[in-house]
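Asker: I'd like to ask you about the structure that follows.
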Amino acid sequence: MPQTVKVETQNGKSAKNGAEASKTNGTKTELAVPHGRTRHVSGGVEEILDPFCDPNNPQCISFHDVTSAAFLIKGGVERTPCPKSKSSDSYGMDLYLKKDFLQYTGSFKERGARYALLSLSEEQKRKGVISASLGNHALALCYHGWKLSIPVTVVMPKAAPIMKVQKCRNYKARVVVEGRDMGEAKSLAMRMSKEEELLYVNGYDHPHIMAGQGTIGLEILEQVPEPDAVVVPVGGGGLIAGIATAVKALSPNTKIIGVESEKCASFTNAMQNNGPISTSIKNTLADGLAVPKVGVNAYATALPLIDRMVVVKEEWIAVAILRLVEEEKCVVEGAGGAGLAAILSGHLDDLKGKKVVVLLCGGNIDTTVFGRCLERGLAAEGRLVKFNVEVSDRPGGINDLCALLVRVGVSIKDIMHERAWLRDIYTVEVKVICETVDWTHSLELKNELKKFYSKVQFCDVPMALNESSER
Ligand SMILES: Cc1ncc(COP(=O)(O)O)c(C=O)c1O
């Protein structure tokens, strides 16, 4: 059964309205800069809290904040296309793909980053900003800081991909690689923000970041009027908070559906807990969504506007990445493919026959990870299979096996044989990896092998996505 959490929508009503904390000035919303607060944690280590993300006083953004962001960032970020998917018919819905991975740095994060930078006071523009990030937010902030001549410092944990670190440096930012994980990187960034009077810009929870991401919602409604649903990947929650704010204001009947990976379902957990709570994160293809605790502002803004959260298995994300390459010629990262994964997995079958927009929000995937994703996707779809079979060691034994494979029409990717560890010295074990047309073709291969050989063993795919498998 799909693991779906349904939330009652109270359109337009915020969980806690902290919007008073912002005041509007023409097209620009200025946030009163709250005083930084510190808290002592065990071991006497001082933890500095982000004054813009106060759990006791969450700030909700408004539709006006999103339109202000749209006005300010216009011309500075791409207005990305949202064409109808070539596979609409096969998915049984009018499916549109909002291609925000086509932004210069490869993700939607530029929208929020640019708006946050443009909204700084003149003094803060001179001093600069700081943030901790593993990737997309850092790239976006560094790139727009460079374009706007605003100094940017990013603290990236040691696990950050080396290419992303290098790109941030290419954008002339000060890059500090420190900390075993994001938690440590963020603590350091917060300390530096206090010492050097740099404004800390949280990548998903700063109100300007959320408002900037909301501009995707405005564009979607211009490109696809009154869609039945908009499907949005969720990490810290800023993206869905912004989009939901824009979409629900202009098209209240449009459903907002959030998607998380089973390996990091922190928004779903927050909903079950009635508030943000730390969730343990496991390795995921959707590393952009791997945020242990959703933002307090993002949660307060998004909760009343989200219609449904969906949690998808990792294999569906791999299949989504594969399908997007094969059918749409789009290269997306795991987080970017999570929306389509929700459709492929059958979680959104109730939207068949409807007009649905899926956000492809990021394309920054490591080349080696990309290769592995494609293979995993093929395996999950039953199009790449691996089996061991014991055949006769007599001349022609392997030839017979190959003849069978030719007859079934599969393509051999890898084949090796081994004889030392077998009980019967007149047999040889052959290990084969081959490509098939689809799941049914793989079953045909399996049945045919079983007809001719008594010892055949197919390797289990972590979760083979056949018709009968649990969705
Ligand atoms: C490609 C991509 N998609 C989605 C998200 C999730 O955005 P948010 O953290 O605002 O929920 C991220 C966050 O980094 C991302 O990089």
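Asker: Would you be able to say whether some residue in the range 97-117 is more than 21 Å from the chain's Cα centre (by Cα), more than 16 Å from the ligand (Cβ to nearest atom) and surrounded by fewer than 21 Cβ atoms within 10 Å (Cβ to Cβ)?
Answerer: Taking every residue of the range 97-117 in turn, none turns out to be more than 21 Å from the chain's Cα centre (by Cα), more than 16 Å from the ligand (Cβ to nearest atom) and surrounded by fewer than 21 Cβ atoms within 10 Å (Cβ to Cβ).
Asker: Hey, can you tell me all the residues within the range 413-466 that are modelled with pLDDT under 90, in a loop (DSSP other than H, G, I, E, B) and either under 16 Å from ASP400 (Cα atoms) or of a type in the set (A, V, I, L, M, F, W, C) (or both)?
Answerer: Correct list: ALA420, TRP421, LEU422, ILE425, TYR426, CYS459, VAL461, MET463, ALA464, LEU465.
Asker: Follow-up question, since we're still on this one. For the range 231-260, give me the residue count where each residue is in contact with a Pro (Cβ under 6 Å, 6 or more places away or on another chain) and either of a type in the set (Phe, Trp, Tyr) or closer than 15 Å to ALA342 by Cβ (or both).
Answerer: Qualifying residue count for the region: 1.
Asker: Can you give me the number of residues within the range 272-311 that are among the β-branched types (Val, Ile, Thr), in a loop (DSSP other than H, G, I, E, B) and surrounded by 23 or more Cβ atoms within 10 Å (Cβ to Cβ)?
Answerer: Result for the range 272-311: 3.
Asker: Limited to the range 149-173, what total is found for residues that are part of a loop (DSSP other than H, G, I, E, B) and at pLDDT 95 or above?
Answerer: 6
Asker: Exactly one condition in (1) more than 30 Å from ALA320 (Cβ to Cβ); (2) touching a Ser or Thr at 6+ places or on another chain (Cβ under 9 Å) is false for ARG407; which is it?
Answerer: Looking at each condition in turn, ARG407 falls short on (2).
Asker: Give the residue, chosen from LEU324, LEU360, LEU405, that is over 30 Å from ILE216 (Cα atoms) and in contact with a Cys (Cβ under 7 Å, 6 or more places away or on another chain).
Answerer: Answer to the check: LEU405.
Asker: May I ask you to list pairs of residues, at least six apart or on different chains, whose Cβ atoms are under 6 Å apart, with the first in the range 76-103 being free of Cβ contacts under 8 Å to residues at least 12 places away in the same chain and the second being surrounded by 15 or more Cβ atoms within 10 Å (Cβ to Cβ)?
Answerer: Note: pairs meeting the criteria are SER88/ASP94; SER88/LEU95.
Asker: How about the range 203-214: which of its residues are within 10 Å of the ligand (Cβ to nearest atom) and in a helix (DSSP H, G or I)?
Answerer: Listed by number, the residues that qualify are ILE209, MET210, GLN213.
Asker: So, restricting to strands (runs of 3 or more DSSP E) that lie completely within the range 37-128, which ones have at least 2 residues that are closer than 29 Å to ALA342 by Cβ, of a type outside the set (D, E, K, R) and modelled with pLDDT of 95 or more?
Answerer: Filter on the range 37-128 gives 94-99.
Asker: Something else: Keeping to the range 351-399, report how many residues are assigned to a helix (DSSP H, G or I), away from the ligand (no atom under 16 Å from the Cβ) and in contact (Cβ under 8 Å) with a residue 40 or more places away in the chain.
Answerer: So the count comes out to 7.
Asker: Since ARG383 meets every condition but one in (1) at pLDDT below 90; (2) under 30 Å from LYS84 (Cα atoms), which condition does it not meet?
Answerer: Going through the list (1) at pLDDT below 90; (2) under 30 Å from LYS84 (Cα atoms), ARG383 breaks only (1).
Asker: Right, another one. Consider the range 118-139. How many of its residues are of a type in the set (A, V, I, L, M, F, W, C), under 20 Å from THR67 (Cα atoms) and either within 12 Å of the ligand (Cβ to nearest atom) or in contact with a Lys or Arg (Cβ under 8 Å, 6 or more places away or on another chain) (or both)?
Answerer: Within the range 118-139, residues that are of a type in the set (A, V, I, L, M, F, W, C), under 20 Å from THR67 (Cα atoms) and either within 12 Å of the ligand (Cβ to nearest atom) or in contact with a Lys or Arg (Cβ under 8 Å, 6 or more places away or on another chain) (or both) number 1.
Asker: Looking at (1) within 16 Å of the ligand (Cβ to nearest atom); (2) assigned to a strand (DSSP E or B), can you tell me which one VAL176 breaks?
Answerer: (1)
Asker: Does the range 330-339 contain any residue that is free of Cβ contacts under 8 Å to residues at least 60 places away in the same chain and within 16 Å of the ligand (Cβ to nearest atom)?
Answerer: The answer is yes; a qualifying residue exists.
Asker: If you don't mind, another one. Only one of (1) over 25 Å from PRO83 (Cβ atoms); (2) basic (Lys, Arg); (3) in a helix (DSSP H, G or I) is not met by LYS248, so which one is it?
Answerer: (1)
Asker: May I pose another question? Can you tell me which residues in the range 215-243 are over 11 Å from LYS98 (Cβ atoms), assigned to a helix (DSSP H, G or I) and either within 11 Å of the ligand (Cβ to nearest atom) or among the hydroxyl-bearing types (Ser, Thr, Tyr) (or both)?
Answerer: Passing the criteria: THR215, GLY238, LEU239, ILE240, ALA241, GLY242.
Asker: I've got another one for you. Across the range 287-308, what is the total count of residues that are more than 10 Å from the ligand (Cβ to nearest atom) and within 21 Å of GLY203 (Cα to Cα)?
Answerer: Total meeting the criteria: 10.
The values are calculated or read from the model by the stated rules, or taken from the named source; none is laboratory data. The structure presented is a predicted model; accordingly, all values stated were derived computationally and were not measured. All Cβ positions, even for glycine, are placed from backbone atoms using ideal geometry, and neighbour counts span all protein chains on display.
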